[in-house]
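Chemist: Supplied in structure tokens, the structure appears directly below.
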Amino acid sequence: MEEKIEQKTGRYRGLIALDMDGTWLRDDKSVSDGMRKTVRDAQAGGFLVIPATGRPIGGLTMEVMSDPGIRYAVTANGASAYRIIDYAGRKWEQLFMTPLPPEKGDRIMEICRRYDLDADCFVGGIGHLGEYSRSRLLTYGYPEGLRRYIMETKDYVPDLYSFYAQHSHEVEKIMLHIGLTPEKRKRRPAVEAELARIPGISVVCGGVGNFEITDEKAAKGLGLLRLAGILGIEPEKTMACGDEENDLDMIRRAAFGVAMGNAPDSVKAQADFVTGTNEEDGAARAIRLFMERCGA
């Protein structure tokens, strides 16, 4: 396999892991020219640049994945990693997956049913929602870009609970949608308390009124280091950059952990460096600094 060859040759000078939304992408979900150039410069300098995202592999944006230099991705908050063969052609190889144990997933789906929530089950690198969620998600107060992403990249199944029952051993992540409107937010404390009673899971927020739930052994930082090990990249040659709670694990574990200027103070407090916002090419600035630190 290609990754074994790379492990033997040690071809990469370092690994740069970037969150997508609020980090790699601007608010309108585009990639700036400055960001594109910096990523190309890093690739030309021998660095592997990857998305490390809460999204499933099938939900990554072509704004990022159209770059032929993007050859790997850590997805579903670290539950999976993939080698990209031809993203536009929907060809990729799963390198590892840490599934959510069915006994944990069963309890999460029961909470979803009891509180009348909309759940998104990641199976086979695709997010799945119930058909009834199409209209319900319009009432959640989500920004237009997020709403469009959910509507366009998900697989809608007739009954999500039946789908989950058929695939309970294959779930990478379950996302429970709470919503951003005042009425929807009222459910949040009770749901959070219920989830806290389930041992062995990781519960984080992506900043858009949801709970993102994986096995406790799945996190962006763990996924980042596991991929680095496969590719023979030493941990001290890793960088991670993000803007939300679900990025904290990789910000803590990477040798150079960076918080975006648009990140909350709780994330900035745990970073090695705070850069500019996603509208100011903050991630590009951090990449250049990391390259300088590596002597590039």
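Chemist: Looking at Gly34, Gly58, Gly14, Gly69, can you tell me which residue is buried (at least 24 other Cβ atoms within 10 Å of the Cβ) and small (Gly, Ala, Ser)? Spell out how you get there, then give the answer.
Modeler: Numbers: Gly34 fails: buried (at least 24 other Cβ atoms within 10 Å of the Cβ); Gly58 fails: buried (at least 24 other Cβ atoms within 10 Å of the Cβ); Gly69 fails: buried (at least 24 other Cβ atoms within 10 Å of the Cβ).
Matching residue, one of Gly34, Gly58, Gly14, Gly69: Gly14.
Chemist: Glu183: modelled with pLDDT of 95 or more, of a type in the set (D, E, K, R), outside any loop (DSSP other than H, G, I, E, B) and more than 15 Å from the chain's Cα centre (by Cα), yes or no?
Modeler: No, not satisfied.
Chemist: Among the numbered criteria (1) of a type in the set (A, V, I, L, M, F, W, C); (2) crowded, with 20+ Cβ neighbours inside 10 Å; (3) under 24 Å from Arg148 (Cα atoms), which one does Leu100 miss?
Modeler: Of everything listed in (1) of a type in the set (A, V, I, L, M, F, W, C); (2) crowded, with 20+ Cβ neighbours inside 10 Å; (3) under 24 Å from Arg148 (Cα atoms), Leu100 misses just condition (3).
Chemist: List the strands (runs of 3 or more DSSP E) that sit entirely inside the stretch 187-296 and contain at least 2 residues that are assigned by TED's automatic domain parsing to the domain that holds Arg147 and either polar (S, T, N, Q) or in contact with a Leu (Cβ under 8 Å, 6 or more places away or on another chain) (or both). If you could, list the steps in order and put the result at the bottom.
Modeler: Working: elements: 201-204, 210-215, 238-242, 256-259.
Once the strands (runs of 3 or more DSSP E) in the stretch 187-296 are filtered for at least 2 residues that are assigned by TED's automatic domain parsing to the domain that holds Arg147 and either polar (S, T, N, Q) or in contact with a Leu (Cβ under 8 Å, 6 or more places away or on another chain) (or both), what remains is 201-204, 210-215.
Chemist: Go through the stretch 37-55 and give me each residue that's of a type outside the set (A, V, I, L, M), more than 22 Å from Asn246 (Cα to Cα) and crowded, with 23+ Cβ neighbours inside 10 Å.
Modeler: Phe47
Chemist: Continuing with the same structure: Within the stretch 210-249, restricting attention to residues that are polar (S, T, N, Q) and at pLDDT 95 or above, which residue is surrounded by the most Cβ atoms within 10 Å (Cβ to Cβ)?
Modeler: Thr214
Chemist: Taking into account only those residues within the stretch 26-51 that are under 15 Å from Thr238 (Cα atoms) and not in a helix (DSSP H, G or I), which is nearest to the chain's Cα centre (by Cα)?
Modeler: Pro51
Chemist: Against the definition (touching a residue at least 24 places away in the same chain (Cβ under 8 Å), outside any loop (DSSP other than H, G, I, E, B), under 17 Å from Asp281 (Cβ atoms) and among the hydroxyl-bearing types (Ser, Thr, Tyr)), how does Thr23 come out, yes or no?
Modeler: It is false that Thr23 is touching a residue at least 24 places away in the same chain (Cβ under 8 Å), outside any loop (DSSP other than H, G, I, E, B), under 17 Å from Asp281 (Cβ atoms) and among the hydroxyl-bearing types (Ser, Thr, Tyr).
Chemist: Further question: Only one residue in Ala79, Ala119 is in the same structural domain as Gly145 (by TED's automatic domain parsing) and either closer than 30 Å to Ser30 by Cβ or crowded, with 22+ Cβ neighbours inside 10 Å (or both). Which one?
Modeler: One residue alone meets the criteria, Ala119.
The values are calculated or read from the model by the stated rules, or taken from the named source; none is laboratory data. All of these numbers come straight from a predicted model, not from anything done at the bench. Positions of Cβ are generated from backbone atoms using ideal geometry, with glycine treated the same way; all protein chains shown enter the neighbour counts.
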